[in-house]
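The values are calculated or read from the model by the stated rules, or taken from the named source; none is laboratory data. In this text, all values refer to a predicted model and were calculated from it rather than measured experimentally. Don't worry about glycine lacking a Cβ; one is built from the backbone with ideal geometry, like all the others, and counts go over all protein chains shown. Only protein heavy atoms, including side chains, enter the accessible area calculation; ligands, DNA and RNA are left aside. Shrake-Rupley method; radii C 1.70, N 1.55, O 1.52, S 1.80 Å.
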Amino acid sequence: MAVKSKKLNLKDKYQYLTRDMAWEPTYQKKKDIFPDEDFEGIKITDWSQWEDPFRLTMDAYWKYQAEKEKKLYAIFDAFAQNNGHQNISDARYVNALKLFLTGVSPLEHAAFQGYAKVGRQFSGAGARVACQMQAIDELRHSQTQQHAMSHYNKHFNGLHDAAYMHDRVWFLSVPKSFFDDARSAGPFEFLTAISFSFEYVLTNLLFVPFMSGAAYNGDMATVTFGFSAQSDEARHMTLGLEVIKFILEQHEDNVPIVQRWIDKWFWRGFRLLSLVSMMMDYMLPNKVMSWSEAWEVYYEQNGGALFKDLERYGIRPPKYQDVANDAKHHISHQLWGTFYQYSQATNFHTWIPGKDEMDWMSEKYPETFDKYYRPRYEHWAKEHAEGRRFYNNTLPQLCQVCQVPTLFTEMGEPTKLSHRQMKYEGERYHFCSEACCDIFKHEPEKYVQAWLPVHQIYQGNCEGGDVETVVQKYYHINIGEDNFEYVGSPDHKRWLSIKGKSSDDKTERAKRDAA
Amino acid sequence: MSVNALYDYKFEPRDKVENFNGMQLLYVLWPNHLMFCSPFALLVKPDMTFGTMVEEILKPATAPHPDAAKADFLGAQWLLNDEPFTPDVNASLKDNGIDHKSMLTVTTPGLNGLAGAGF
């Protein structure tokens, strides 16, 4: 007689530890237990059709994650003990980490909150378990990112108060409002926004630049975090695709709703990633690839194949992707120019790219860099050399939806600013693009409440009326340490002393390179 | 369209004029001068004259640009909220019809920024 194994096989284990955790309620109505499942208009006829390609169960999850943590923290320790920060390519690289820690790590935490919430809202057990695991992943990513970068906080400026800054600093309202928009939506829109549009369609454009950027620039701590998160990200991407296919297969009425969400969240993600574009082209001393190359590979090719695949459900590529594709030649330069002129109000430094870097950009952006952007840097470098480093002392207009300053140009007209305006219930609203204006028109009540940093300063809600007071007291940016130009900054001087060089030759060389 | 929500979803706009302590917002765009990355967002008194706004706010804001010294803003071509507009220099912003969150566009013929790049 065969002895029944005490160990469950994978399939049984998955069944017992996920689907069997759910039951048909008898004392309460299902609708009362899951009250948020229907209001978005998404129709689910059969939750049992939900497929979880990973079939991961909690017991295995904890075991894998614990092993990864052990290895990760061993490397963080070694990195700190060996003064790993001294082996990076150049201290300018650390500015990419400052952007990541204030802009991205708090989003991981917001994602944790979002998945924890939707992990309660679905009546299907498979979807609930997948969301709960992703919630824990996101919390882990937020924590491990902070630990990966904490060593840099001992040696460089601008990393000391990331979560606080995330809620206040003007440009960080771009990532913050992105996630607030998703988290305040219903559960299906949240998954379409974050799991599909962000994690599946666009995540490579965030992760590849930062993690490969870390590898190319000698940052062992951050690249090790990247490896530790990779298997989670693969799971998240798979969930993103499963979510969309599941919703579309459940009912044909879901198609137009999902299409509108894809249009909206593709665009919101694209605007958010404009921050990454400038990081990629400008903040990495050793370049991985250009933003336009990354956009071609990860969006135009991979995204193209994906939307081809989704055609059979009646889904078309996102509206305004033609605008985004055209913008790949411009946005990194437009963003860097913006941050260059508002460096007095950022927790990171900016600088004029060196000669080699500008030549690299001419090669990567043959149609646009020499014609539209190199002349800007040449002018600003000349001004700087003559003691007039350019700062824009007047606050910018912000887009009501994406909250980026209205700095983008029209498709095919790179010298014409893209701007839209409309009136809603007697109030005027301004937008960076037709796409952001469309998003507003669809849900105006959501965006009339936008906390626009420039307007908040002018209303007197940020501890002062002048930029200096706001930056110091409200943002917690240490003036003269965290902000302004990189050349001659305390970070720059510290780096030169680490490398045993005097700051004078380097400043001279930087000026010569820039000229 | 309106928000699909679980309850009656209605909120006050956050940037109503009464939140600005007697002041109002004004945006000014100077086309072909992308050195200033986006239109300026200005906090102005509604009873300030148009001429004072140009002299005391717009001129200092644009001063870092080499074209600024040559620009005749008062004699330039103006748009108010995308419509042709002839400002009365001595009248207040309010009397010029410039309300809260209006946008002015000022084109200075012959001055098209640096390097032929609208910069």
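Computed quantities for the displayed model
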item	result
Rounded FRET efficiency, nearest 0.05, which uses the C-beta distance separating A:Y16 from A:N393 and R0 of 60 Å	0.40
Among the listed pairs A:K382/A:K499; A:K264/A:K328; A:K13/A:K117; A:K319/A:K441; B:K16/B:K94, those beyond 21 Å (Cα-Cα)	A:K382/A:K499; A:K13/A:K117
DSSP-assigned coil residues among trypsin sites (Lys or Arg not before Pro) in segment A:131-225, each with at most 14 further Cβ atoms within 10 Å	A:K154
Within the protein assembly as shown, percent of DSSP bridges classed antiparallel, to nearest 5	80
Spacing of the two label points (7 Å from each Cα toward its C-beta) at B:K45 and A:E410, in nm	3.8
Sequence of B:H100, A:H109, A:H141 from largest to smallest accessible area, 1.4 Å probe	A:H109, B:H100, A:H141
Distant-in-sequence amide H partners of B:S102 (H built 1.01 Å from N, under 5 Å)	B:Y27
Gyration tensor (alpha-carbon) shape descriptor, the protein assembly as shown, a/c threshold 1.5	oblate
Amide hydrogen neighbours beyond the local backbone of B:F85, cut-off 5 Å, H modeled	B:W78, B:L80
Nearest-0.05 FRET efficiency for B:A115 and A:Q143, computed from C-beta distance (R0 45 Å)	0.40
With DNA, RNA and ligands ignored, accessible area of A:L10 (1.4 Å probe; Å², nearest 10)	120
Sum of side-chain charges, A:V129 neighbourhood, beta-carbon under 14 Å (Lys, Arg +1; Asp, Glu -1)	0
Placed amide H near A:T409: partners under 5 Å, 5+ positions off or other chain	A:S418
With all protein chains modelled, accessible area of A:V288 [1.4 Å, Å²]	30
Qualifying GluC sites (Glu not before Pro) for segment A:44-148 [loop in DSSP, other Cβ within 10 Å: at most 13]	A:E51
A:A163 paired with A:S231, simple spin-label distance in nm, labels 7 Å along Cα-to-beta-carbon	2.8
For chain A, calculated [θ]222 nm from helices alone, where every DSSP H run of n ≥ 4 adds -39500 (n - 2.57)	-16000 deg cm²/dmol
Antiparallel %, DSSP beta bridges [both residues in segment B:23-107], to 5	75
Radius 13 Å from Cβ of A:I194, net charge of other residues (Lys, Arg +1; Asp, Glu -1)	-4
Exposure of A:F54 as accessible area (Å², to 10), given a probe of 1.4 Å and all protein chains	90
Label zone at A:H476, where the point sits 7 Å out along the Cα-to-Cβ direction: segment A:125-156 residues whose backbone N lies under 17 Å	A:143, A:146-147, A:149-156
Spatially proximal aspartates and glutamates relative to A:K473 (Cα-Cα < 18 Å; intrachain offsets below 8 disregarded)	A:D161, A:D167, A:E463, A:E481, A:D482
Residues of type lysines that A:K7 reaches as a straight line, Cα spacing below 30 Å, ignoring anything fewer than 8 places off in the same chain	A:K63, A:K68, A:K70, A:K71
Computed [θ] at 222 nm, helices only, for chain B once each DSSP H run of length n ≥ 4 contributes -39500 (n - 2.57)	-500 deg cm²/dmol
Partner aspartates and glutamates for A:K31 [C-alpha distance under 17 Å; skip if fewer than 8 residues away on the same chain]	A:E40, A:D46
Proximal charge balance of A:H147 [Cβ under 12 Å; K/R count +1, D/E count -1]	-1
Förster radius 41 Å - calculated FRET efficiency between A:Q344 and B:F11 (Cβ-Cβ, nearest 0.05)	0.80
